[in-house]
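Structure record follows, encoded as structure tokens.
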Amino acid sequence: MLAMKSRTLFWPLLFTWFILLALAACGGAAEPAAAPRATRAPAATATPRPTPTVTAVTVFDGGRNDNGTFYRGQADAPVTVIDYGDFL
């Protein structure tokens, strides 16, 4: 009777042991407490920051053909076609 009970408890106990081991491995060390930062008094006079300049740039070079399809780039641009295939 004891041998039968120990055999039926073996797999649940083994599974529980593996789960507990996995959970223990996931736990990391606690991060050390951050040291307090030293604060400085604000400067008496603040230096002015430069104002950023914004320029308009048109990047889109495209439009619509006579048949209604869209195009982008120049019509006489060089084209390189690379064909990848595997027919073994």
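Given the Cα-Cα distance of Ala25 and Val79 and 0.36 nm per residue of separation, how much length would full extension add, in nm? Write down the numbers at each step before the final one.
Numbers: separation 54, 0.36 × 54 = 19.44 nm, distance 5.51 nm.
Length gained between Ala25 and Val79: 13.9 nm.
The packing ranking, built from the mean of other Cβ atoms within 10 Å per residue, places the peptides 73-81, 10-18 in the order 10-18, 73-81, highest first.
Throughout, read-outs are computed from the coordinates displayed, never taken from laboratory work. No experiment lies behind these values; they were computed from the predicted model shown. All Cβ positions, glycine included, derive from the backbone under ideal geometry; neighbour counts span all protein chains shown.
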